[in-house]
Amino acid sequence: MKNPYLITGPALISFSGGRTSGYMLDQIVRAHGGTLPDDVIVAFANTGKEREETLRYVHECSVRFGVKIHWLEWRAGGGVYEEVGYNSASRSGEPFKALIASKQRLPNWQERWCTTYLKLLPLFALAKTLGWAPGNYGEVIGLRYDEGHRIIKGMANAEKAGRTCLYPLSRARVRKPDVMRHWLGDNTDPKSLTHPLPQGFDLGLRDYEGNCDFCFLKGVGIRKRIAREQPTAPLWWHEQEVEQDGFFSSRDRVIDLINEVRRSPDLFDVSLDEEYDVECGLHCGPEDEPTTTEN
C-alpha cells in the first residue's frame, strides 16, 4: 500500500493548530524526506481567539519541521483573507469581531458560520490565488481513524461541493492514543511534565483548552471549568453578546456562566460533559458549506 503520507500535489494541508494536525504534518514532512513538494501548501487560519499556546505551537511546528505555514485571517470584502505571521497575528478576536459586525448577529449551535468564514473560506481563497479550482486539488485534513463519523460527514459535504478531501491519518489507522504518545510520551498532564517530551516540544494545553478559548460548542461543564481556571476567557464572549443583544447559546448566556462560577468558585465540574477532542475548521462547519469565497 502506498504511504498515506506521500501527498501528490496540488494539495492544501489544513493545519488547525492542534496536536492531531501537528502529528499529521510531521508524518507528511518525514514521508517526503524532510521537504514538501512545491505544490503542497500548508495553511493555518487564525480567528484571533486561539490561545497563545496554540499560536506558539503553530510557529514552532513551522520552524522545527522546516515548513512554511501560511497564516491567514478573514477580512471583509472581496479579498476574503489577509496573510499575517506569528508576530502580526490577531490575539484579541479582531477577525471574529469584524465578522460578527458584518453579520450583525452571533453564530450559534444552529448557525455555525464562524467556522465557515473564519476557517474554511480563507483556505479556499488561498487556493484560488494559487490558481487551484475546487476539486482540482487535494484538501488534506487531519481527522483520525477513530473520528470516522466526522470523516463521513466531511466526505458528504465535500462531494456536495465538488471538493476532493484526503484523510491520511485515517488511512494510516491513527488513533488519539497514537497522537498523544507521539507528543507527550510517558507524560499524562501536558501542564505538569514528569518525563522528557519525545519531540522536544508540545502544544501545552489540555484537550478542552484548544481552539477558540471559550467556544460555545464546548459543553457547559467545560466552559465553567475554563471560566474558573481562566477568568478573563469569557469576557470577550460576554461583550459580543451585549453588543449584539443576543447569545451564542440559548441554553446558557455567557454572563450566567460567569455568575455561576463566581457564586461557586471552588466547585469542580468532574464530568466535563462530553470529551472535547475537536480541531476546529476540520469538520464542524454548517451542513451546507459555501462553494464560493465571496462574503
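Just give me the residues in the range 118-134 being surrounded by fewer than 19 Cβ atoms within 10 Å (Cβ to Cβ), at pLDDT 95 or above and not hydrophobic (A, V, I, L, M, F, W, C), in sequence order.
128, 129, 131
Pick from 83, 139: which is touching a Cys at 6+ places or on another chain (Cβ under 6 Å), modelled with pLDDT of 95 or more and not in a helix (DSSP H, G or I)? I'd like the intermediate steps shown before the answer.
Details: 83 fails: touching a Cys at 6+ places or on another chain (Cβ under 6 Å).
Going through 83, 139 in turn, just one is touching a Cys at 6+ places or on another chain (Cβ under 6 Å), modelled with pLDDT of 95 or more and not in a helix (DSSP H, G or I): 139.
Just one of the numbered conditions (1) in a helix (DSSP H, G or I); (2) modelled with pLDDT of 95 or more; (3) not aromatic (Phe, Trp, Tyr) is not true of residue 156; which one?
For residue 156, the failing item is (2).
Please go through the range 247-261 and give me each residue that is touching an Asp or Glu at 6+ places or on another chain (Cβ under 8 Å), part of a loop (DSSP other than H, G, I, E, B) and either surrounded by fewer than 16 Cβ atoms within 10 Å (Cβ to Cβ) or of a type in the set (A, V, I, L, M, F, W, C) (or both), ordered by number. Let's see the steps before the verdict.
Restricting attention to the range 247-261, the residues satisfying the condition of being touching an Asp or Glu at 6+ places or on another chain (Cβ under 8 Å) are 247-248, 253-255.
Next, only the ones that are part of a loop (DSSP other than H, G, I, E, B) stay: 247-248, 253.
Within the range 247-261, 247, 248 qualify.
Only residues that are assigned to a strand (DSSP E or B) and either under 14 Å from the mean Cα position of the chain (by Cα) or among the small types (Gly, Ala, Ser) (or both): list them for the range 22-55, please.
Restricting attention to the range 22-55, the residues satisfying the condition of being assigned to a strand (DSSP E or B) are 40-45, 50.
Within the range 22-55, 42, 43, 44, 45, 50 qualify.
Please specify each residue of the range 27-69 satisfying the condition of being of a type in the set (Lys, Arg), surrounded by fewer than 20 Cβ atoms within 10 Å (Cβ to Cβ) and within 25 Å of residue 115 (Cα to Cα). Talk me through it step by step, then tell me what you get.
Of the range 27-69, the ones of a type in the set (Lys, Arg) are 30, 49, 51, 56, 64, 68.
When the remaining residues are screened for being surrounded by fewer than 20 Cβ atoms within 10 Å (Cβ to Cβ), the result is 30, 56, 64, 68.
Result: 56, 68.
Based on this model, can you work out whether residue 161 counts as in contact (Cβ under 8 Å) with a residue 60 or more places away in the chain, more than 22 Å from residue 100 (Cβ to Cβ) and over 17 Å from the mean Cα position of the chain (by Cα)? Don't jump to the end; show me each part of the working.
Numbers: in contact (Cβ under 8 Å) with a residue 60 or more places away in the chain: yes; more than 22 Å from residue 100 (Cβ to Cβ): yes; over 17 Å from the mean Cα position of the chain (by Cα): yes.
In short, yes.
In the range 91-112, how many residues are closer than 16 Å to residue 237 by Cα and under 18 Å from the mean Cα position of the chain (by Cα)?
So the count comes out to 12.
If residue 126 satisfies every condition in (1) in contact with a Pro (Cβ under 9 Å, 6 or more places away or on another chain); (2) in a helix (DSSP H, G or I); (3) among the hydrophobic types (A, V, I, L, M, F, W, C) but one, which is the exception?
(1)
Suppose the filter is touching a residue at least 12 places away in the same chain (Cβ under 8 Å), of a type in the set (S, T, N, Q) and buried (at least 16 other Cβ atoms within 10 Å of the Cβ); does residue 244 pass it? Break it down into steps so the answer makes sense when it comes.
Values: touching a residue at least 12 places away in the same chain (Cβ under 8 Å): yes; of a type in the set (S, T, N, Q): yes; buried (at least 16 other Cβ atoms within 10 Å of the Cβ): no.
Considered against the rule, which asks whether it is touching a residue at least 12 places away in the same chain (Cβ under 8 Å), of a type in the set (S, T, N, Q) and buried (at least 16 other Cβ atoms within 10 Å of the Cβ), residue 244 comes out as no.
Can you tell me which of 219, 210, 200, 204 is touching a Gly at 6+ places or on another chain (Cβ under 7 Å) and touching a residue at least 40 places away in the same chain (Cβ under 8 Å)? Steps first, answer last, please.
Values: 219 fails: touching a Gly at 6+ places or on another chain (Cβ under 7 Å); 200 fails: touching a Gly at 6+ places or on another chain (Cβ under 7 Å); 204 fails: touching a Gly at 6+ places or on another chain (Cβ under 7 Å).
Within the list 219, 210, 200, 204, the selection yields 210.
Take the conditions closer than 23 Å to residue 166 by Cβ, of a type in the set (S, T, N, Q), assigned to a loop (DSSP other than H, G, I, E, B) and touching a strand residue (DSSP E or B) at 6+ places or on another chain (Cβ under 8 Å) and apply them to residue 16. Does it pass? First the steps, then the outcome.
Details: closer than 23 Å to residue 166 by Cβ: yes; of a type in the set (S, T, N, Q): yes; assigned to a loop (DSSP other than H, G, I, E, B): yes; touching a strand residue (DSSP E or B) at 6+ places or on another chain (Cβ under 8 Å): yes.
Answer is yes for this residue.
Return the residues of the range 92-101 that are surrounded by 13 or more Cβ atoms within 10 Å (Cβ to Cβ) and touching a residue at least 40 places away in the same chain (Cβ under 8 Å); say none if nothing qualifies.
93, 94, 95, 96, 97, 100
Name the one entry in 67, 58, 63 that is outside any helix (DSSP H, G or I), within 24 Å of residue 203 (Cβ to Cβ), without any contact (Cβ under 8 Å) to a residue 60 or more places away in the chain and of a type in the set (Val, Ile, Thr). Write out each step before concluding.
Working: 58 fails: outside any helix (DSSP H, G or I); 63 fails: outside any helix (DSSP H, G or I).
Residue meeting the stated conditions: 67.
Conditions (1) of a type in the set (A, V, I, L, M, F, W, C); (2) in contact with a Cys (Cβ under 9 Å, 6 or more places away or on another chain), marked per residue:
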| site | (1), (2) |
| --- | --- |
| 155 | yes, yes |
| 158 | yes, yes |
| 177 | no, no |
| 185 | no, no |
| 190 | no, no |
| 199 | no, no |
| 208 | no, no |
| 220 | yes, no |
| 225 | no, no |
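Run down 178, 186 and say which single residue is acidic (Asp, Glu), in a helix (DSSP H, G or I) and more than 24 Å from residue 107 (Cβ to Cβ).
Values: 186 fails: in a helix (DSSP H, G or I).
Going through 178, 186 in turn, just one is acidic (Asp, Glu), in a helix (DSSP H, G or I) and more than 24 Å from residue 107 (Cβ to Cβ): 178.
The values are calculated or read from the model by the stated rules, or taken from the named source; none is laboratory data. Remember, predicted model here, so these are calculated numbers, not experimental data. Virtual Cβ from ideal backbone geometry, glycine too; neighbours counted across all protein chains shown.
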